[in-house]
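To start, the structure under review is shown below, and the notes come after it.
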Amino acid sequence: MRFPCLHSLLKFRASLACGALLIMAGSLFAASGIYSFTLNSIDGNPAPLAEYKGKVILVVNVASQCGYTPQYSALESIYEKYKDQGFVILGFPANNFGAQEPGTNAEIKTFCTRKYSVKFPIYAKISVKEPDQAPLYTYLTKDTPSGIRGEIKWNFTKFLVDRNGNVVQRFEPAVTPDSPEVIAAIEKQLKP
């Protein structure tokens, strides 16, 4: 080759371009994590989590007959306070702990709206534990960073998801949705 420097430069630029493509592909895959799931709404219609791209999400496994059930009030309160800033709560009823969510989807919906005036999205009842764990909860408990992943211990475990779909924090059931810890974490994610 007559211009060895040019050949080296072209090889270097090709390597940079390939590296940039790999980084972009990795970013796209990572950003699609939680958004790749579609579950049924409480009314039985497919409700893709991709509908919430760009929002801060609090994912909560809920139950109607649990000692933590009054957290519905705090959940609805923070939803109303922050929803116009790009925040949403997604409730996933589950009957895995002490059979505390025995009702049908219609009964759960009626309970949530009548007793707690819930307006945030509630999905159809799922399982959050193995062996019949919903794929979303397999992702939340196995494919998230250390300190977040781990088996669901009880109802009202909360996962905070940033605007890019990354699960950034987990709160155990005893941590109330309106606790300073949860509010600070939500407000941090809502900042531009």
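For the reader, a short list of remarks on this structure follows.
- Single condition residue 174 does not satisfy, out of (1) in a loop (DSSP other than H, G, I, E, B); (2) under 21 Å from residue 36 (Cα atoms): (2)
- Residue that is in contact with a strand residue (DSSP E or B) (Cβ under 8 Å, 6 or more places away or on another chain), modelled with pLDDT of 95 or more and closer than 19 Å to residue 39 by Cα, where the choices are 135, 93: 93
- Region 90-130, subset of a type in the set (Val, Ile, Thr) and over 20 Å from residue 161 (Cα atoms), residue surrounded by the fewest Cβ atoms within 10 Å (Cβ to Cβ): 104
- Which listed residue is in contact with a Leu (Cβ under 7 Å, 6 or more places away or on another chain) and either of a type in the set (Ser, Thr, Tyr) or modelled with pLDDT under 95 (or both), from 116, 123: 123
- Of all the residues in region 91-111, those that are closer than 11 Å to residue 76 by Cβ and in contact with an Asp or Glu (Cβ under 9 Å, 6 or more places away or on another chain) number 0.
- Meets criteria (buried (at least 20 other Cβ atoms within 10 Å of the Cβ), in a loop (DSSP other than H, G, I, E, B) and hydrophobic (A, V, I, L, M, F, W, C)) for residue 156: yes
- If you check 145, 192 for being touching a strand residue (DSSP E or B) at 6+ places or on another chain (Cβ under 9 Å), in a loop (DSSP other than H, G, I, E, B), exposed (fewer than 14 other Cβ atoms within 10 Å of the Cβ) and at pLDDT below 95, only one passes: 145.
- Some residue of region 105-124 being within 17 Å of residue 71 (Cβ to Cβ), outside any loop (DSSP other than H, G, I, E, B) and polar (S, T, N, Q): yes
- Residue that is surrounded by the fewest Cβ atoms within 10 Å (Cβ to Cβ), among those in region 43-72 that are in contact with a helix residue (DSSP H, G or I) (Cβ under 6 Å, 6 or more places away or on another chain) and of a type in the set (Ser, Thr, Tyr): 64
- All positions within region 75-89 that are in a helix (DSSP H, G or I), surrounded by fewer than 17 Cβ atoms within 10 Å (Cβ to Cβ) and of a type outside the set (S, T, N, Q): 80, 81, 83, 84
- So residue 92, is it touching a Phe, Trp or Tyr at 6+ places or on another chain (Cβ under 8 Å), part of a loop (DSSP other than H, G, I, E, B) and of a type in the set (Phe, Trp, Tyr): no
The values are calculated or read from the model by the stated rules, or taken from the named source; none is laboratory data. Bear in mind that the values here come from a model prediction, so they are computed numbers and not experimental data. Because the Cβ atoms are built from the backbone with ideal geometry, glycine has one as well, and the counts that use them run over all protein chains shown.
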